[in-house]
Structure formats: C-alpha cells, structure tokens
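A.B. asks: Quick one: the structure is below, and I'll ask about it shortly.
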Amino acid sequence: MTDYTEKDAIGLTEARPSNSRLYPWYDSVWLSRYEEAKAIIRTARPDALASFVDAFRILHTRPDFKVQFFEHPFDAATMEEIRLVTASLRPTDLELHEARRFGRFVVHDHPFFTELQQRTVPWVSEAVGEPVEAKYNFLSLYTSKGVCAVHMDAPEAKWTLDLCIDQAAPWPIYFSAVQPWPDSVAEAWRNEGWENNIKQSRSLEFTSHTLEPGQAVIFSGSSQWHYRDPMPEASGKQFCTLLFFHFTPKGTAELVRPKNWARLFGIPELAVLAEAK
C-alpha cells in the first residue's frame, strides 16, 4: 500500500458526542437512545416498559465472562492473505474521519475481511458461549498518534475479535470486568474527569493484554470498558495495524438498531429515534 500521511492524524481526545444527550464517551449514542426510549415508554406506554427492557436481556453479557486470548486464530497462509490485502489498499480506500480523534485510518467491510469474518462465526460462538452473527468489520491503521479513549461500544459490537496484524512495538489494550448496563454508567462517570475516574477505579478490575502480530483477543465491547493509551515510542516508524470483527447474538440484527424499535415493539412514539444509527 502507498504510504499514507500522518499530518491529519492528531489523536485528539474524544469530545462528548453531539448526538448522545446523556453520556460523554465515544460510541455512547446507542445507550443514550435506549434511555430515551425508556423515558418515552414510561410516559406513553408504561405497561410496555418491562417487556421492552426484557427484550434487551440478550444483549447483556454474563458477569463471569473473561477476555479470551488466541495465540494463532488464523493459520500462516490466512495471515499472509490478510497482510497482502492490507498492503494492496490505496490511499483512496482509506476512511479519514477518525484520523484526528484516534490517529488512525480505517477501512470498513472490505470484501475479503467480510468473507473471513463469516468463517469465524462458529468458533467465535463457541468462545463466547452463545450463537452469534457477523455485524461489521474494519481494518484499523494506527499511526504514531494512535490512541483509543476509554469507552464502551454499542451492542452492535457486543462481541469483538481484535487481531493484531503488525506493529512497530507492543501496545497494550485494557479491559474492565463485565459491567451491567445501564447501571454501570452512574452519575460519577458523567462528571468532569470521568475518564480518569474509570481508569483508576479498582472496582472495575482492569486487566491489560499485549498482542503480538498474529495474536487476537475476543472481548465484550458493549459491557467492558476498554482503552489504549497513546502509542508508545519505538525506533523507526510508529504504527499498529489491527483488524476488528464485530458480532451480535444471532437473531438480533434488527433489535440493535433504534430506528426499528417503534415497529418491533408497536410503540409509534419511538419513531422519534429513527434518525439514530
């Protein structure tokens, strides 16, 4: 692949998302919509609130889940294909919208990676203890400005396979213990300094995992706080290339989209959420 420029990859800390009214972290829009939906139902259809909440139990992660580590999830030939596809990408293939915030360029749902993700569904299902279906994937090309602020993912990424393809130096990723939502996002996390509050909380029991090329982890991004500190210095060019496969429980593809809730639950008042992703 032709070298891409780092001039716009500043790696700024993520600001409060403009369309997440309740929570401050990256990818908190879904949880904000979920809370808004409950507030609407309390007013419009209070008798339906319990069944609405219960329908989302499948998106919660069991409390005893631990991050799963894989030494060689793909054989040498497959890893070589992954690297060849990555090397073949042109600058025009790269998405630039995360360059400033994360110091990375991304490529979503490349046909080769999408097909490979489908092949992983059986053993990912076994690893997480429930049938899953592939939701989306992306290649992440981190530059020397790479950073990933502490956050939880939307349930479209209840399960994530994170594969290290190549890197200049080891770069740890940190995971909390599984947290119940929305209970885990108490008022304290919404105050000034919430990021450090989360990182320093002993009750969250953060652990670190440092991957070498070819190694991977599976974690529950929607129920585990996770982050990467700024990329450590290394001799020569600093970079880290990662591949992320995201999965939802089988049969929940429509449920995880707030725009579908008015139809799925027969509550027309939820149509105001239709603009949400």
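A.B. asks: Filter the range 123-160 for residues that are surrounded by fewer than 21 Cβ atoms within 10 Å (Cβ to Cβ), assigned to a strand (DSSP E or B) and of a type in the set (Phe, Trp, Tyr) and give the result.
C.D. replies: Tyr136, Phe138
A.B. asks: Next up: Tally up the residues in the range 94-122 that are in contact (Cβ under 8 Å) with a residue 24 or more places away in the chain and not in a loop (DSSP other than H, G, I, E, B), please.
C.D. replies: The number of residues fulfilling the criteria is 15.
A.B. asks: For the subset of the range 57-103 comprising residues that are under 18 Å from the mean Cα position of the chain (by Cα) and aromatic (Phe, Trp, Tyr), which member is surrounded by the fewest Cβ atoms within 10 Å (Cβ to Cβ)?
C.D. replies: Among those residues, the one meeting the criterion is Phe69.
A.B. asks: Ok, one more. Test Glu35 against the stated conditions and say whether it is surrounded by 11 or more Cβ atoms within 10 Å (Cβ to Cβ), more than 18 Å from the chain's Cα centre (by Cα) and over 26 Å from Glu212 (Cβ atoms).
C.D. replies: Judged against the criteria, Glu35 is a match.
A.B. asks: Go through the residues of the range 56-72 one by one and say whether even a single one is of a type in the set (Val, Ile, Thr) and free of Cβ contacts under 8 Å to residues at least 40 places away in the same chain.
C.D. replies: no
A.B. asks: With the structure loaded, tell me whether Gly236 is modelled with pLDDT of 95 or more and either of a type in the set (Ser, Thr, Tyr) or on the phi > 0 side of the Ramachandran plot (or both) or whether it fails that test.
C.D. replies: Against the criterion (modelled with pLDDT of 95 or more and either of a type in the set (Ser, Thr, Tyr) or on the phi > 0 side of the Ramachandran plot (or both)), Gly236 does not qualify.
A.B. asks: While we're here: Go through the range 239-253 residue by residue and tally those that are over 11 Å from the mean Cα position of the chain (by Cα) and not aliphatic (A, V, I, L, M).
C.D. replies: 8
A.B. asks: Trp181 passes all but one of (1) aromatic (Phe, Trp, Tyr); (2) modelled with pLDDT of 95 or more; (3) assigned to a loop (DSSP other than H, G, I, E, B); which number fails?
C.D. replies: Unmet condition: (2).
This table checks each residue for (1) of a type outside the set (Val, Ile, Thr); (2) over 15 Å from Leu243 (Cα atoms).
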| residue | (1), (2) |
| --- | --- |
| Pro73 | yes, no |
| Met79 | yes, no |
| Val106 | no, no |
| Glu126 | yes, yes |
| Asp153 | yes, yes |
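A.B. asks: Output the number of residues of the range 79-92 satisfying the condition of being free of Cβ contacts under 8 Å to residues at least 24 places away in the same chain and farther than 24 Å from Gln215 by Cβ.
C.D. replies: Looking only at that region, the number is 1.
A.B. asks: Follow-up. Hey, Asp64 hits all of (1) assigned to a loop (DSSP other than H, G, I, E, B); (2) modelled with pLDDT of 95 or more; (3) farther than 27 Å from Pro180 by Cβ; (4) acidic (Asp, Glu) but one; which does it fall short on?
C.D. replies: Here Asp64 clears every test but (3).
A.B. asks: Considering only residues of the range 141-180 that are in contact with a helix residue (DSSP H, G or I) (Cβ under 8 Å, 6 or more places away or on another chain) and acidic (Asp, Glu), which is farthest from Pro73 (Cα to Cα)?
C.D. replies: Filtering first and then ranking leaves Glu156.
A.B. asks: Additional query: So which strands (runs of 3 or more DSSP E) stay within the range 191-242 end to end and still have 1 or more residues that are small (Gly, Ala, Ser) and under 23 Å from Ala177 (Cβ atoms)?
C.D. replies: 207-209, 216-219
A.B. asks: Identify, please: which residue in the range 184-216 is at pLDDT 90 or above and touching a helix residue (DSSP H, G or I) at 6+ places or on another chain (Cβ under 9 Å) and is, among those, nearest to Thr78 (Cα to Cα)?
C.D. replies: For the range 184-216, the residue satisfying everything is Gly214.
A.B. asks: (1) surrounded by 16 or more Cβ atoms within 10 Å (Cβ to Cβ); (2) over 30 Å from Gly129 (Cβ atoms): which one isn't true of Asn196, the others all being true?
C.D. replies: Evaluating Asn196 over (1) surrounded by 16 or more Cβ atoms within 10 Å (Cβ to Cβ); (2) over 30 Å from Gly129 (Cβ atoms) leaves (1) as the failure.
The values are calculated or read from the model by the stated rules, or taken from the named source; none is laboratory data. Keep in mind that this is a model prediction, so the values were computed, not measured. Counting neighbours? That spans all protein chains shown, and the Cβs are built from the backbone with ideal geometry, glycine included.
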